[in-house]
1. Among 105, 14, what's the order by accessible area (1.4 angstrom probe), most exposed first?
2. Non-local amide H neighbours of residue 124 (under 5 Å, H modeled in plane, Pro and chain starts lacking H): which ones?
3. Over the heavy atoms of residue 174, what accessible area does a 1.4 Å probe trace out, to the nearest 10 Å²?
4. Students sometimes get this wrong: rank 80, 163, 72 by accessible area, probe 1.4 Å, all chains present, largest first.
5. Convert each backbone phi in the stretch 165-176 into a coupling constant with the Karplus relation 6.51 cos²θ - 1.76 cosθ + 1.60 (shift: θ = phi - 60°), then list the ³J(HN,Hα) values in order as whole Hz, x for Gly and Pro.
6. Explain nothing, just compute: Karplus ³J(HN,Hα) = 6.51 cos²θ - 1.76 cosθ + 1.60, θ = phi - 60°, for every residue of the stretch 52-63 in order, whole Hz, x for Gly and Pro.
7. Work out the length of the dipole vector of the stretch 2-83 about its Cα centre, built from +1 on the beta-carbon of each Lys and Arg and -1 on the beta-carbon of each Asp and Glu, and round it to the nearest 20 debye.
8. Counting Lys and Arg as +1 and Asp and Glu as -1, what is the net charge of the other residues whose Cβ lies under 12 Å from the Cβ of residue 138?
Amino acid sequence: MSGKIIIVSAPSGCGKSTIINALIDRGMIDVRFSVSATNRAPRKGEVDGVNYHFLSDEEFRSAIDRGEFVEYEEVYPGRYYGTLRSEVEQRVSRGENVLLDIDVCGGVNVKKQFGDRAISLFIMPPSIAALGDRLRGRATESEEEIARRLGRAEYELGFASQYDVQVVNDDLETAIAATGKVINDFVSSH
Ligand code: 5GP
């Protein structure tokens, strides 16, 4: 049986990674991450084919030309990131459920291409104000950086209605349970 495609997006600071990692660590969902491609250099400890498929500028460019990406984006100037069609298709044909942890524009694109084979989930903060409090609580960013992220979050929240399901991360455990249920219901559907 073919695997399913699960797309999860969220504005920064909404707890997306915490929720996904909790579901995987607790064995609540059976998924594999789709490994993206990038032309940025590997950071210390990063492994090719595990964290990313690390490509040269030229390799990335030819993959674009050959139409090998489901979606790709220039996330930072000159730094490209993308989802390889082969990565998703191979895993799905092996019967693996593939999870794409992807930004909002990429998520909307991938859903359009895979249609009913994919479910798209959007994790939302209870409000922009709550997100601001959460980012300040982390105390890792300056006020200026927080304002920039909130501006971006507001823009990204505008995409929420284009996703199949929205989960509000007000209480973390409730959000973990809700996300797990959406994924498992979809994976076990035909
Ligand atoms: P980093 O360089 O810190 O690993 O990732 C930088 C950014 O690239 C993150 O915001 C991440 O969401 C984005 N990114 C990673 N993989 C992909 C991908 O396959 N497609 C798109 N559109 N963005 C990605």
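1. Working: 105 40, 14 0 Å².
In descending accessible area the options line up as 105, 14.
2. 167, 168, 169
3. Approximately 90 Å² of residue 174 is accessible to the 1.4 Å probe.
4. Numbers: 80 50, 163 10, 72 100 Å².
Greatest to least solvent exposure: 72, 80, 163.
5. Along the stretch 165-176, the couplings run 9, 10, 10, 8, 8, 9, 9, 4, 5, 5, 5, 4 Hz.
6. My calculation for the stretch 52-63 gives 8, 8, 7, 10, 6, 3, 5, 4, 5, 4, 5, 5 Hz in order.
7. Working: 10 positive and 12 negative charges, 76 e Å.
It comes to approximately 360 debye.
8. Numbers: positive: 134, 136, 149; negative: 133, 141, 145.
Counting the neighbours of residue 138, the net charge comes to 0.
The values are calculated or read from the model by the stated rules, or taken from the named source; none is laboratory data. The structure displayed is predicted, hence computed values, not measured ones. Methodologically, a virtual Cβ is constructed for each residue, glycine included, from the backbone with ideal geometry; neighbour enumeration extends over all protein chains shown. For the accessible areas, the whole protein counts, side chains as well, though only heavy atoms, and no ligand, DNA or RNA atoms are used. Shrake-Rupley method; radii C 1.70, N 1.55, O 1.52, S 1.80 Å.
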